[in-house]
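Note sheet for the following structure.
The values are calculated or read from the model by the stated rules, or taken from the named source; none is laboratory data. Predicted model only: the values in this text are computed from it and were never measured. Cβ placement follows ideal geometry from the backbone for every residue including glycine, while neighbour counts extend to all protein chains displayed. Please note that ligands, DNA and RNA were not included when accessible areas were found on the heavy atoms of the full protein model with its side chains. Shrake-Rupley method; radii C 1.70, N 1.55, O 1.52, S 1.80 Å.
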Amino acid sequence: MTKPGPGTTDGAELAAGSEVDTADRGTRTGETGTDLAVHLDGITKRFPGVVANDDVDLRVERGSVHALLGENGAGKTTLMNVLYGLYEPEAGRVVVDGTERGFGSPQDAIDAGIGMIHQHFMLVDSMTVAENIALGNEPTKWFGMAVDREQIAREIDDLCDRYGFDVDPEATVEDLSVGVQQRVEILKALFRGTDVLILDEPTAVLTPQEVEDLYDVLDELTAQGKTVIFITHKLEEATHAADAITILRDGESVGTVAPERTDREDLAERMVGREVLLEVDADPVTTGKVVLSTRNVAVEDARGVDVVSGIDLDVRAGEIVGIAGVDGNGQAELIEAITGLRTPDAGTIAYEGTDITDWSRRRRIDAGMSYIPEDRHERGLVMPFDLVENSILGSQRSPEFAADGRIDWTAVRDHTDDLIDTYDVRPPDADADASSFSGGNQQKFIVGREFERDPSLVIATYPTRGVDIGSTEFIHDRLLELRREGVAIVLVSSKLDEVQALSDRLAVMYEGEFIDVTDPDAITEEELGLLMAGQQVDETGKGASDAGTVGTNGGESR
Amino acid sequence: MRKRFRRTREFIGRHPRAASLSAVAIVLAFLWATPASWQTSTLRLAVPIALAAIGGIFAEKSGVINIGIEGLLIVSAFSSIIAVYWLGDGGATMGVSNLWWGLLVGILVSVLFALIFAIVCIEFKADQIIAGLAIWLISLGLAPFASRIVFGSPNTASVARFGSVTVPGLSEIPIVGYLLFDTEPQVYLMLAGTLAGWYLLSRTTFGRWVVASGENPKALDTAGVDVRKVRYAAVLLSGVFAGLGGAGFALGTLGTFAGGGDTAINGRGFIAIATYLLANYHPVGAVLSSFLFAGLNSLQTALQSAGYAIPTELIRTIPHMSVIVVLVLVGRTRLPDAAGDHYESGED
């Protein structure tokens, strides 16, 4: 097996050479320059029944950050997979560094200096950072008899110094935060001598602070002559971080713009193909009686450590209570306790005035509790089932669909067709397996199923995760509609703009506790970010003393 | 109870030197206090378990659970005996003792069976547990059947065994010398195999790839390493180690192959699986826990000859029981994430 030895000298030369490059060029944005790192020319890629890319052009300048913007299924990832050698295009040329290339496999692309960081990190959790970075490219000593760990450590140190990373090479990956893991992925690509780095939805899993850090990293990378292409469907990211934005819609390129010559509305319109309302219109609603009420709820994890403690939460009919927080601060466990997927170790949960702490999951569903789970693959759908079967998960015993222990499949099919129609699930094929749909469409289907259950309480965790703006707008509208109808809603999300815009009250969760409960309109996104990172912000009104009391007194409507 | 184990582990983590010193002290005191004949017999009985365990570690670490390791021990033990029988008992071929040729044949046959297992699991994506059981059941039937054709009985004829080899000088070291340097070739092979296995897994490129292949094959694939090749190599390696264990046990300790019932191997391959689970896939730990089980086995034999009859069946449950106890109390054994899963490049 031939291994492209990522020697120290190799990397140093690259960096030295490219520093000169950037200095020479000076201004690099705005103009269609001569120095293209990547040029995709008229790429067409077809899948059975779909044209994923239709004659797409992409010109990426060396040393720039280029955003590839588009909705789910617009063909962004397909285009990048063509560049990365995973797909063979039906037509078009791939030009890297001025030379036309045909990549048969990712290895060819890697050899040509192209690196891709997938949405799901390709890291071995139980290995150390150094082992992961070197995996597949380990320098050896003693005639290949041993991995040269000193050299790996040295090279990582060099890379960290050069790009200003602070990563401990000896740390085990599973102990690292997602943001740091992403940095490990970037280091892994740099270790291999990558010049063009493709990032697939890099911010999907990051906290706001981590996103800022990522922007800094991107700046540092381009300052040293590396080229970055990142895939996103978030407008802010494209306008904030990119030097140029190429928009894809339905597999076609809608154009390339410079961020300073456009705005969010314009981008959204190009992306979706129609005008989009970016601001959510939350009209004041009067709240009713308390639907969900928890007192002093605590949950321990398998090791006996408290992951949720002392949670008091009241949610009234007709209001949305948002729970913001960085993933892994106990939101998942709290929601599991409320929905009946886990027994709390302390405290009580009441539903419409009745203590339901010991109720089974089924009883809670029957009582009108809807739940959009965090992980749609694990809890939301049965992947090998078709949509008809998936549509009655949880209501398989409801008299509407089942009589005398038999399921009325005709009624279920009608129900499924309604869901597909109302929630715009594409392709509209009720008989297709859940696994054959894209993440966004799976999510729309789950949201539809849970919303149409006629619930009095909706627990929505990350309801728009992986969903494009068009569908996000729709899901938000439906949430507000339910709120108007007097449904109590708990909304867990790590998207700050989402919780802020939709919630009537907002609880910030950190290390298992509510550290602040606030009016979402009275707090800035920065303050919210700091709270999520565990820092108190004095001017947000309420202090730490009454943290955790999302009491009935807080039920102000707006 | 679990908390106490955690505290012990934390202590070991904080004071690695103190922990290893006290471990050495315990071992020395133990060696001083127990009879030499029992120690020697323990080492010899540990050979098939320890080597099969190391082989099993490689296969399972790469993501292929080789539950057929018992079958590999059976075929290698049988084929080594029959090879020596055919080549001529006590003779030599091309200047090398026929016993060594027997050992080689045992390893090759074991590797052949491992190859079949690998093809079935990796190429045809059979369920690993079912394929592994098939390898065991086929071996369990095939070895006595072949023996019946050659010898007219499920038990083979007896052949000569490996003799002791004394390393001059080193064998004079007090307490451990007679044990480690005045013993039979298969014991030396076991000790060397332990070190080689540990080194290969933890220090070489191949070892890193094996671990990655079992934990997150997709990560290894995107890093440009062929997961299939790594898994083939790991499974074949498990065949080498198991073959060494089975043939070494047959030629060094038994001198014959009894094909009745559970055969002469008698579940040692399954005990090997228990040992490496107990040691959380650490080769050295697996070998040490195989000493524990071999020691109990040898103790039971000794007690039996002294007139205290402890049923063998009961003794044989100990390894499996202790795995359960350890899993419950220590909870440290962690299967590789992708163990048992098929991997197809390019699939999402």
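Of all DSSP beta bridges in the protein assembly as shown, what percent run antiparallel (nearest 5)?
Counting DSSP beta bridges with both partners in the protein assembly as shown, the antiparallel share is about 55 percent.
Which order do the peptides A:296-303, A:189-196, B:141-148, B:107-114 come out in when sorted by mean C-beta neighbours inside 10 angstrom, highest first?
B:107-114, A:189-196, B:141-148, A:296-303
How would you classify the range A:208-352 from its alpha-carbon gyration tensor, with a ≥ b ≥ c the square roots of the eigenvalues: rounded for a/c under 1.5, else prolate if a/b is greater than b/c, otherwise oblate?
oblate
Note the angle between two axes, namely the Cα long axis of helix A:409-422 and the longest principal axis of the Cα atoms of chain A, as a number of degrees from 0 to 90, rounded to the nearest 10.
Approximately 60 degrees, to the nearest ten.
For the range A:374-454, just the Cα atoms, rotate onto the principal axes and tell me the three extents in Å, largest first.
Sorted from largest, the Cα extents of the range A:374-454 read 35, 24, 24 Å.
Would you mind giving the three semi-axes, in whole Å and largest first, of the ellipsoid equivalent to the range B:168-215 according to its Cα gyration tensor?
32, 10, 7
Decide, for the range A:156-272, between rounded, prolate and oblate: order the square roots of the alpha carbon gyration tensor eigenvalues as a ≥ b ≥ c, take rounded if a/c falls under 1.5, and otherwise choose prolate if a/b is larger than b/c, else oblate.
Prolate.
Name the residue, out of B:GLY132, B:GLY224, B:GLY193, whose mean-square fluctuation peaks in a Gaussian network model built on chain B with Cα pairs under 10 Å.
In this elastic network of chain B, the residue with the biggest mean-square fluctuation among B:GLY132, B:GLY224, B:GLY193 is B:GLY224.
Hey, what D do you get for the protein assembly as shown in µm²/s if you plug the Kirkwood alpha-carbon radius into Stokes-Einstein at 37 °C and 0.692 mPa s?
In µm²/s, the coefficient is 104.
Largest first, how would B:MET321, A:MET383, B:MET94 line up by accessible area (1.4 Å probe)?
B:MET94, B:MET321, A:MET383
As a test of reading the structure, rank B:TYR343, B:TYR281 by solvent-accessible area (1.4 Å probe, protein chains only), most first.
B:TYR343, B:TYR281
When a/c reaches 1.5 or more, the comparison of a/b and b/c decides; with that in mind, is the range B:37-266 rounded, prolate or oblate per its Cα gyration tensor?
oblate
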